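Report on the following structure.
The values are calculated or read from the model by the stated rules, or taken from the named source; none is laboratory data. Predicted model, so just to flag it, every value in this text is computed and none were measured. So basically every Cβ, Gly included, is an ideal-geometry build from the backbone, and we count neighbours across all protein chains shown.
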Amino acid sequence: MTHQRILANVSRDEFVGRDAELQQLVRHASGEGYGLVVMAAPGVGAGELIRQAYDQLFARRGDPVPIHFAFTRKEETALDTARRFFLNLLQQYIAYRRVDPALCNARMSFHDLVELALPGDYELVNDLIEGFERERAGADEREFIGFCLNAPQRLAAAGRRVFHLIDFTQLATPTRDESALAQELNRAMVRMNHPMPLPVFGGKLST
C-alpha cells in the first residue's frame, strides 16, 4: 500500500521498527477512552511516529478528523503558540474535509481559509475566525489564549469530531510558561473529547 507523505519527514517504507506502536496510535483514533501518552527520550523519533500516524489517518479518511500540532523550541510567546494552534486547527480541518493534503503545509490567511471551507463548514469557520478577531482585539491576553486553545470544543459542539495528536517532544525541558500552556492545552483536549476518542500526547511532559 502506498502512503502519501504529508507531515512525515521520511516515507512510510523507510520508517521501520515501530509498526506496532504506529498501529496502536491509529487504532486509538477510532476508540473511546483515555488519552494516550507516548513516552520517549528526546531524539528517538517520537515526533516522527506521531507525524506518521497523522499521515496514515489522513489517508484512511472517515471520522474523526485528525489534527496534528507540535510545540516548538523556537522563541515563541504563549500568544504566538495559541495563534499558531488556532490557525493550524482550521487549516488541517479544511485540508481534511477537502481531501487536499497539500493545504496542510500551505501558507494561508484567514481569508483563504474561509474561501476554501466547504459550504457545510463555511458558517462555522467564519464564526470561529470572527471570534478570534474579536478576542484578539480585546485587552485580556488570557481570554484570547483560552479562546484559541478551546476552539476544538467549538468544532465538537457543532458535530465535527476531531482527534488531536499533540507533539510535546521539543519541550523535554520546558520553561514555566511553556509548561503552563501545554498543561492548559492538555486539559482543553481532555474536556473536549470525553467520552469521544481522546488525544495522543507525545513527549515526557508530566500532568
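Evaluated against (1) within 15 Å of the chain's Cα centre (by Cα); (2) under 26 Å from His28 (Cα atoms); (3) not in a loop (DSSP other than H, G, I, E, B), Arg160 falls short on exactly one condition, (3). Among the residues of region 12-19, are any of a type in the set (Gly, Ala, Ser), modelled with pLDDT under 75 and touching a Pro at 6+ places or on another chain (Cβ under 8 Å)? No, region 12-19 contains no residue that is of a type in the set (Gly, Ala, Ser), modelled with pLDDT under 75 and touching a Pro at 6+ places or on another chain (Cβ under 8 Å).
One residue stands out among those in region 150-207 that are crowded, with 22+ Cβ neighbours inside 10 Å, at pLDDT 70 or above and not hydrophobic (A, V, I, L, M, F, W, C): the one that is nearest to Gly62 (Cα to Cα), which is His164.
Look through region 84-117, keep the residues that are charged (D, E, K, R) and farther than 19 Å from Gly131 by Cβ, and return whichever of them is modelled with the lowest pLDDT. Taking the candidates together, the pick is Arg107. Here Gly62, Gly47, Gly43, Gly31 are screened, and the one residue that is modelled with pLDDT of 80 or more, surrounded by fewer than 12 Cβ atoms within 10 Å (Cβ to Cβ) and either closer than 26 Å to Pro152 by Cβ or more than 17 Å from the chain's Cα centre (by Cα) (or both) is Gly62. Listed by first and then second residue, the pairs linking a residue in region 127-148 that is under 15 Å from Leu89 (Cβ atoms) to a residue that is among the hydroxyl-bearing types (Ser, Thr, Tyr) and part of a helix (DSSP H, G or I), with Cβ atoms under 9 Å apart and 6 or more places separating them unless they lie on different chains, are Ile145/Thr81; Cys148/Thr81. Out of all the residues in region 102-112, is one or more touching a helix residue (DSSP H, G or I) at 6+ places or on another chain (Cβ under 7 Å), among the small types (Gly, Ala, Ser) and more than 19 Å from Ala59 (Cβ to Cβ)? Checked against the condition, which is being touching a helix residue (DSSP H, G or I) at 6+ places or on another chain (Cβ under 7 Å), among the small types (Gly, Ala, Ser) and more than 19 Å from Ala59 (Cβ to Cβ), region 102-112 yields no hits at all. When Phe85 is tested against the conditions (1) touching a Leu at 6+ places or on another chain (Cβ under 7 Å); (2) of a type in the set (Phe, Trp, Tyr); (3) over 23 Å from Ala8 (Cβ atoms), the lone failure is (3).
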